[in-house]
1. If you take the residues in segment 134-168 that are closer than 30 Å to Pro98 by Cβ and of a type in the set (S, T, N, Q), which one is most open to solvent (accessible area, probe 1.4 Å)?
2. Of everything in segment 71-92 that's farther than 16 Å from Thr9 by Cα, assigned to a loop (DSSP other than H, G, I, E, B) and at pLDDT 95 or above, which residue is nearest to the chain's Cα centre (by Cα)?
3. State yes or no: is Gln104 open to solvent by 40 Å² or more (accessible area, probe 1.4 Å) and either part of a helix (DSSP H, G or I) or at pLDDT 95 or above (or both)?
4. If I filter segment 109-133 down to residues being open to solvent by 10 Å² or more (accessible area, probe 1.4 Å) and touching an Asp or Glu at 6+ places or on another chain (Cβ under 9 Å), which single residue comes out as farthest from Ala152 (Cα to Cα)?
5. State which residue is surrounded by the most Cβ atoms within 10 Å (Cβ to Cβ) when the search covers only segment 212-236 and only residues that are assigned to a loop (DSSP other than H, G, I, E, B) and charged (D, E, K, R).
6. Just to verify a result, which residue in segment 163-216, among those that are at pLDDT below 85 and in contact with a Phe, Trp or Tyr (Cβ under 6 Å, 6 or more places away or on another chain), is nearest to Ile83 (Cα to Cα)?
Amino acid sequence: MKDQKIVVTGASRGLGAAIALRLASSGNQVFAWARSQGQLAEIAAQDPTGHIVPMQVDVTAVEQIEAAYQTIEQEHGPISVLINNAAVVQRDHFWKQPLEVMDQMIDINLNGTMYSTRLLLPYMLPRQSGRIINVSSVAGTRGIELQAAYCASKHGVVGFADALAQELLPHGIVMSTICPGAIDTPLWNEQTNPYPGDLANVMQPEELAELIEFLLNQPARTMYKRLVMFPTNEWH
């Protein structure tokens with residue numbers, strides 16, 4: 001992967017930021033999407049190559065996605081890769097969880113993934129090429145206590161990807177889904193959303209960014225449908 005136009009959602013921190021920095025360092029132009037313009041600017045400032053283009057885009061807002069794609073395609077060139085990474089999580093008893101939090105997880109984690117994919121495909125399909133990587137979770141492969149709504153959103157991402165991948169293969173577009181366990185990111189917050197274990201022993205964002213770069217470097221004739229990984233202090 002080099003000289004590609006890559007969109008990364010949820011790129012202002014954590015895993016998304018690590019992905020953007022890794023792929024930019026390999027010589028790709030990365031369009032980093034997130035809601036926080038300030039955090040995006042900080043990530044872009046960490047990139048010595050100048051290949052990260054920060055774009056304030058909310059993946060639940062269809063008009064913002066459409067405008068961003070149009071800008072990239074017209075001013076920079078064809079998008080060859082989409083990495084659906086934007087997500088939120090909250091551990092809570094389902095009967096206590098505020099409905100607006102549940103809605104937010106479905107809107108960002110699932111609908112945001114579908115919107116970002118759906119609105120890019122009219123650009124990719126005529127070119128008969130492209131790659132889409134969805135960041136789901138081990139919560140998309142099994143039920144996890146205190147994560148009912150989050151599991152619902154991530155199971156949805158896995159099912160969506162499995163179905164759509166079959167539609168896209170005849171058109172030269174390869175879709176992969178990764179399902180990681182705990183990653184040391186700001187999603188885990190000791191005060192508001194504590195991780196139920198030792199954060200010192202979980203995966204680092206850079207490890208997942210390296211995996212995504214590996215997937216993008218594989219030949220288009222080989223499809224990595226779904227990869228599940230977790231730290232050794234977990235077992236699912």
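The values are calculated or read from the model by the stated rules, or taken from the named source; none is laboratory data. Quick caveat, the model's predicted, so the values are computed rather than measured. Virtual Cβ from ideal backbone geometry, glycine too; neighbours counted across all protein chains shown. Just so you know, the surface numbers come from the protein's heavy atoms only, side chains and all, with ligands and any DNA or RNA stripped out. Shrake-Rupley method; radii C 1.70, N 1.55, O 1.52, S 1.80 Å.
1. Among them, the one singled out is Thr141.
2. Pro78
3. So Gln104 fits the description; yes.
4. Tyr123
5. Only one residue tops the list, namely Glu234.
6. So the residue we want is Trp188.
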